Amino acid sequence: MTWLYLAIAIVAEVIATSNLQSSMGFTKLGPSIITIMSYIISFYFLSLALKQIPIGIAYAIWSGVGIVALACIGYFFYKQTLDIAAMIGLGLIILGVVIINVFSKSVGH
């Protein structure tokens, strides 16, 4: 259940941050409400995940997956470009998350 909580926290954070772009500095009501509610949901479920997962590991996964997901959303929905350095960096983030999940003894499976 802990990993489901972390997954929900990640999805909610990605929804919140992508709507933060659409809120235009909190001047558009709909995206602003979605942003605020999604951040509340994200932090709530992250706090539940932290009952079992060490904070450094949970935050690394939460932020790493969020960064990669938001870069993809920016590319596909906001037409933001990614240069080779950005793609290499994102690849290293993905690799880091995989290494943590596969090899770290700090992560309880």
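The values are calculated or read from the model by the stated rules, or taken from the named source; none is laboratory data. Quantities reported herein were computed from a predicted structural model and do not represent experimental measurements. A quick note on method: Cβ atoms are made from the backbone with ideal geometry, for glycine too, and the neighbour counts reach across all protein chains shown. Ligands, DNA and RNA are excluded from the accessible area calculation, which covers all protein heavy atoms including side chains. Shrake-Rupley method; radii C 1.70, N 1.55, O 1.52, S 1.80 Å.
Which of the following residues is open to solvent by less than 60 Å² (accessible area, probe 1.4 Å) and either outside any helix (DSSP H, G or I) or of a type in the set (A, V, I, L, M) (or both): VAL97, VAL102?
Only one candidate passes the filter, namely VAL97.
ILE53 - would you say it is in contact with a Phe, Trp or Tyr (Cβ under 9 Å, 6 or more places away or on another chain), surrounded by 14 or more Cβ atoms within 10 Å (Cβ to Cβ) and modelled with pLDDT under 95? Lay out the reasoning, then the answer.
Details: in contact with a Phe, Trp or Tyr (Cβ under 9 Å, 6 or more places away or on another chain): yes; surrounded by 14 or more Cβ atoms within 10 Å (Cβ to Cβ): yes; modelled with pLDDT under 95: yes.
So ILE53 passes the test.
Of the residues SER63, SER32, SER47, only one is part of a helix (DSSP H, G or I) and under 15 Å from ILE100 (Cβ atoms); which?
Values: SER32 fails: under 15 Å from ILE100 (Cβ atoms); SER47 fails: under 15 Å from ILE100 (Cβ atoms).
Of the residues listed, the single one that is part of a helix (DSSP H, G or I) and under 15 Å from ILE100 (Cβ atoms) is SER63.
Test ALA58 against the stated conditions and say whether it is open to solvent by less than 30 Å² (accessible area, probe 1.4 Å) and either more than 22 Å from TYR5 (Cα to Cα) or at pLDDT below 95 (or both).
On the way: open to solvent by less than 30 Å² (accessible area, probe 1.4 Å): yes; either more than 22 Å from TYR5 (Cα to Cα) or at pLDDT below 95 (or both): yes.
Criteria met by ALA58.
Would you mind telling me which numbered condition in (1) open to solvent by less than 80 Å² (accessible area, probe 1.4 Å); (2) part of a helix (DSSP H, G or I); (3) under 20 Å from LYS105 (Cα atoms) CYS72 fails?
The single condition CYS72 does not satisfy is (3).
Any chance you could count how many residues in the stretch 75-92 are in a helix (DSSP H, G or I) and free of Cβ contacts under 8 Å to residues at least 24 places away in the same chain?
Start the filter on the stretch 75-92 by keeping residues that are in a helix (DSSP H, G or I), which leaves 75-77, 84-92.
With free of Cβ contacts under 8 Å to residues at least 24 places away in the same chain added as a condition, the list becomes 75-76, 84-92.
The qualifying residues number 11.
Based on what the data block shows, is LEU20 modelled with pLDDT under 95 and either open to solvent by less than 90 Å² (accessible area, probe 1.4 Å) or more than 17 Å from the chain's Cα centre (by Cα) (or both)? Spell out how you get there, then give the answer.
Working: modelled with pLDDT under 95: yes; either open to solvent by less than 90 Å² (accessible area, probe 1.4 Å) or more than 17 Å from the chain's Cα centre (by Cα) (or both): yes.
When the stated conditions are applied, LEU20 passes them.
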